[in-house]
Amino acid sequence: MEAIGLSIFPKPTISPSNYSKCISLNSPIAYTFKLPDSFNTQFNPLRKTQNWRVVRMQVVGEEYELKQMKDMAAARKRWEALVRSGKVKALTPREAGYAIQLSSKTLLDVRPESERTKAWVKGSDWIPIFDVDNGLDVGSLSKKASNFMMGGWWSGVPTLSYNNQFISKVQEKFPKDTDLIVACQKGLRSLAACELLCNAGYENVFWVQGGLEAADEKDFEREGPQPFKFAGIGGLSEFLGWTDQQRAAAAKEGWQYRLVFSARLIGLIFAADALFLAVQQVLKK
């Protein structure tokens, strides 16, 4: 669940003061690593003990991932129950657009800043439930490195952290009888936000099913430099035009659209080749 930024509870952060506790064998937050065999052989007389510790940490890490999956499954059941019971009313993007135009309902955008700045609904209010983690402490840097290695370089999805002030900021701005239409990019984080709002006493909560990515451009009055469907993409996949959203656009736009990304791919290949040759020349010297 953490991988997609859906945990609705803030995770403990690792700071220099609690770093040793976070990497202890009994901590649920453990990082899998293995020391080189050369280190174990030359400098570690307790190699068997060290290997046991590594295996133990790997097991703890797997247990933590399993717990995340179970938490995600439990959260989905709670969210589905909220929709079935009518506590949260589901709307298609088109229905949400009509509701905003024909009534005074408020669209609450809970996406992170990285998505909001690309495209947003005109007149919408923005209070993110998760936002880009700009921290420079040990925990934040570790999460950023992990996110990058797990595919962030390809997808462009930034490391996110839970906004502890989400509910308090909503309460400051909106009375509890306000009609709130909650939206995110794909529809999952907005469901988590709907649950928090219901638990805080908001009774008129609406959820945009499928998120803004499922919306047509005519469903909402958009502001921002990109279409709604492109607000959640990034990284190398966006640069090369290899996302599903861009492929769908290419099918409509034709060869001119594909030509731009083909040129980028060729340029990337030439740049990589030039870098390889430069490294070879340096090594020869």
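Values quoted throughout were computed directly from the atomic coordinates according to the rules given, and no laboratory measurement underlies them. On a predicted model such as this, the values are computed, not experimentally measured, just so you know. Cβ: placed from backbone, ideal geometry, glycine included. Neighbour counts: every protein chain shown.
Listing for the model above:
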item	result
Amide H partners (placed H, <5 Å) of GLU221, local residues excluded	LYS122
Amide H contacts under 5 Å for PHE130, placed H, 5+ residues apart	ASN163
Ranking of LEU188, LEU66, LEU240 by count of other Cβ atoms within 10 Å, fewest first	LEU66, LEU240, LEU188
Long-range amide H partners of ILE181 with built H, under 5 Å	THR106, LEU107, LEU108, PHE206
Spatial separation of Cα centroids for segment 141-203 and segment 65-138, in angstrom	6
DSSP beta bridges in segment 71-182 [antiparallel fraction, %, rounded to 5]	40
Length added when fully stretched, ASN204-GLU80, from 0.36 nm per residue minus Cα-Cα	43.0 nm
Karplus (6.51, -1.76, 1.60) ³J(HN,Hα), θ = phi - 60°, over segment 90-105, in Hz, Gly and Pro reported as x	7, 10, 6, x, 5, 4, 5, x, 4, 4, 6, 6, 9, 9, 9, 5
Charge context of LEU212, other residues only, Cβ under 11 angstrom, K/R +1, D/E -1	0
Extension gain from LYS89 to ILE269, taking 0.36 nm per residue of separation minus the Cα-Cα distance	59.9 nm
Cβ-based exposure ranking for PHE228, PHE148, in which fewest neighbours within 10 Å come first	PHE148, PHE228
